[in-house]
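Structure first, commentary second.
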């Protein structure tokens, strides 16, 4: 158990929270720490408006119910911060009953005022300042990011649209498709407002939502088309029922759509969806875009080709396309293609040799992926390659470390006949 203390008797976990060091917080949590330390750290993270760290603590079983109301921010303060992850931490089911309906409605109205005015305009109104706003992209939670705006010493995040959606769930408010889309469209796909809207719609899994999303594929505005495509993709992807009723309709829609879509962002989303189908039509559509000039499109192809097939070998066309993509000028395309090959069941020597060639790549993450792939392919060359890589590092842009030594360890156990 991690029980080390910092100056003044503060736990190592609390010190990491106070420093805003998410990677260190995660490392300490994986090592293990006592519930009291987690409780103190959660309360501190909320007071410091570190929503992402508060969410991380909740994922590692911190109990928000141990925190008294006076140890946390008020719901109004959390809404004012503009951080969806912070608001969602306070809406955890274990403490949600602390808020009366009137308080939830008031918080929702406040979020609406920020959203309708615009975070920058409201920040200017409150500060009265006229100088330029400093805008910084920040990771608000694990999968989505938002903008943080600073003016005259006051900072706010622009996640109020996502906060509205989060507050509607405990209120039992069923926002329409159009309302949710209106909240998402002012932002990009990586923004929390977009993610909260598409995920909520996808989880509804009803024919009305499906038909509304499908109708957007002919909309003249690409932002509407990509929104509809993401809702359709997630509806199928998140459908864990045995019937899988959306699989056939999704494949039909996306196969046809890929042949006529001209916008690169929309086409990327369509191809991502096709990569989630184990069907020859999906593979054919992906192969037709393997040489596309846009990097995002080629990444979707590299990630989607052959990844959902059970046969032990890729088709000749898929294998050739992946070999080309593994030499792509773009680093991310090479990495994704290598990952697809490494995790596939095709043991063709040409594929292993292509991964071996990537051990000389200029990008470390490509080299890491190649080592992992060679280990999965039971290729002895992974041992020396791992030695050359040296100790694992934290992945850039992530809180987790590289795991190629795990793949190497499993390979060596298989090689040596150990269970």
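The values are calculated or read from the model by the stated rules, or taken from the named source; none is laboratory data. Note that the coordinates shown come from a computational prediction; the quantities given were computed from them, not determined experimentally. Cβ coordinates were reconstructed from backbone atoms using ideal geometry, including for glycine residues, and neighbour counts include every protein chain displayed.
Please note which helices (runs of 4 or more DSSP H) are completely contained in region 55-123 and include at least 1 residues that are assigned by TED's automatic domain parsing to the domain that holds residue 162 and more than 28 Å from the chain's Cα centre (by Cα).
101-117
With under 27 Å from residue 115 (Cβ atoms) and crowded, with 22+ Cβ neighbours inside 10 Å as the only criterion, which of 89, 62 stands out?
89
Residues that are touching a helix residue (DSSP H, G or I) at 6+ places or on another chain (Cβ under 6 Å), over 25 Å from residue 362 (Cα atoms), buried (at least 16 other Cβ atoms within 10 Å of the Cβ) and modelled with pLDDT under 95: does region 291-306 have at least one?
yes
Report the residue count in region 274-308 for those that are over 22 Å from residue 263 (Cβ atoms), touching a residue at least 12 places away in the same chain (Cβ under 8 Å) and over 24 Å from the mean Cα position of the chain (by Cα).
Looking only at that region, the number is 2.
Quick check on region 8-25. Is at least one of its residues in contact with a helix residue (DSSP H, G or I) (Cβ under 6 Å, 6 or more places away or on another chain), surrounded by fewer than 22 Cβ atoms within 10 Å (Cβ to Cβ) and closer than 28 Å to residue 161 by Cα?
Checked against the condition, which is being in contact with a helix residue (DSSP H, G or I) (Cβ under 6 Å, 6 or more places away or on another chain), surrounded by fewer than 22 Cβ atoms within 10 Å (Cβ to Cβ) and closer than 28 Å to residue 161 by Cα, region 8-25 yields at least one hit.
Across region 123-140, what is the number of residues that are out of contact with any strand residue (DSSP E or B) (no Cβ under 6 Å at 6 or more places or on another chain) and farther than 24 Å from residue 106 by Cβ?
Residues meeting the conditions: 4.
Go through region 152-179 and give me each residue that's in contact with a strand residue (DSSP E or B) (Cβ under 7 Å, 6 or more places away or on another chain) and in a strand (DSSP E or B).
Residues of region 152-179 in contact with a strand residue (DSSP E or B) (Cβ under 7 Å, 6 or more places away or on another chain): 155-159.
Selection gives 155, 156, 157.
Please tell me if residue 37 is part of a helix (DSSP H, G or I), buried (at least 20 other Cβ atoms within 10 Å of the Cβ), in contact with a strand residue (DSSP E or B) (Cβ under 6 Å, 6 or more places away or on another chain) and not assigned by TED's automatic domain parsing to the domain that holds residue 159.
Yes.
Each row is one residue, and each column tells you yes or no for (1) closer than 23 Å to residue 177 by Cα; (2) surrounded by 24 or more Cβ atoms within 10 Å (Cβ to Cβ).
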{"position": "230", "(1), (2)": "yes, yes"}
{"position": "244", "(1), (2)": "yes, no"}
{"position": "252", "(1), (2)": "yes, no"}
{"position": "259", "(1), (2)": "no, no"}
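When region 340-397 is examined, which residues are found to be touching a residue at least 40 places away in the same chain (Cβ under 8 Å) and more than 24 Å from residue 305 (Cβ to Cβ)?
The answer is 394, and nothing else.
In region 117-146, what count of residues is obtained for those that are closer than 20 Å to residue 87 by Cα, touching a helix residue (DSSP H, G or I) at 6+ places or on another chain (Cβ under 8 Å) and without any contact (Cβ under 8 Å) to a residue 40 or more places away in the chain?
Number satisfying all stated conditions: 2.
Among the listed residues 236, 219, 224, which satisfies the condition of being outside the structural domain of residue 161 (by TED's automatic domain parsing), touching a helix residue (DSSP H, G or I) at 6+ places or on another chain (Cβ under 6 Å) and free of Cβ contacts under 8 Å to residues at least 12 places away in the same chain?
From the options 236, 219, 224, the qualifying one is 219.
Which one of these does residue 131 not meet: (1) within 30 Å of residue 225 (Cβ to Cβ); (2) part of a loop (DSSP other than H, G, I, E, B)?
Of the numbered conditions (1) within 30 Å of residue 225 (Cβ to Cβ); (2) part of a loop (DSSP other than H, G, I, E, B), the odd one out for residue 131 is (1).
Would you check if there is a residue in region 194-214 being in contact with a helix residue (DSSP H, G or I) (Cβ under 9 Å, 6 or more places away or on another chain), farther than 24 Å from residue 262 by Cα, in a helix (DSSP H, G or I) and in contact (Cβ under 8 Å) with a residue 60 or more places away in the chain?
yes
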